[in-house]
Amino acid sequence: MSASDGWLLAALVPLLALAPVLWWIARGEPGDRLIAQNLTSLLAGLTVLPAAQGLGRPSYVDVALVLAVLGPTGTLIYARFLGVLPDSRLVRWTALVGVPATVLPLCVATGPGRAMLKLLLIGALLIAGSVVTSTGGSRPASGNGGAAK
């Protein structure tokens, strides 16, 4: 087994975790679907990073960067429509455990340089976006957006 096969096996773990999450998106309540959408963007980013290393395509890391930025943005937009941002420890802990477990070995394999800084930035964005969008909260019921009168 070559090193690239190991990276592809590592990419398979979050990819397989997407199957029940996609079912959750299809069958859940709106709040649960929002949590699942947030988890989907996180798992997709965690799938793309080791796959890029395993396939020898560093340009695929840009896809993870786009997911790290747009995933939480989409969650916040849908939360605005629903009027609530559900609390999800699953998303938070997946980010806090899964992102370092994925990004740090990739940084070691990549070595120092711009590629490593890019991986660290993506990791920070994945963690920050997931933590912010999984902390819960609700929009004020008044129509003035919460401004004081």
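A short reminder: the numbers here are calculations on the coordinates, not readings from a lab. These figures come from a predicted structure and were not determined experimentally. Ideal geometry is used to build each Cβ from the backbone, glycine not excepted, and the neighbour counts take in all protein chains shown.
Less than 5 angstrom separates the built amide H of LEU85 from those of GLY137, SER138, ARG139, all sequence-distant by 5 or more or on a different chain. At full extension, VAL132 and TRP93 could sit 12.8 nm farther apart than now, given 0.36 nm per residue minus the alpha carbon distance. Take every Cα pair under 8 Å whose residues are at least 6 apart in sequence, average their separation, divide by the length of region 3-136, and the relative contact order is 28 percent. Packing here is the average count of other Cβ atoms within 10 Å per residue, and on that basis the peptides 116-122, 126-132, 42-48, 24-30, highest first, run 42-48, 126-132, 116-122, 24-30.
Would you work out the Kirkwood radius for the chain? I mean one over the mean of 1/r across all pairs of different Cα atoms, in Å.
Values: mean 1/r = 0.0623 Å⁻¹.
Roughly 16.1 Å, rounded to one decimal.
Membrane-span-like helices in the chain, defined purely by DSSP H runs whose alpha carbon atoms cover 20 Å or more axially and whose average Kyte-Doolittle hydropathy reaches 1.0, are 3-27, 61-82, 89-110, 114-133. Can you give the net charge of the other residues whose Cβ lies under 13 Å from the Cβ of LEU125, counting K and R as +1 and D and E as -1? Taking every Cβ under 13 Å from that of LEU125, the sum is 0.
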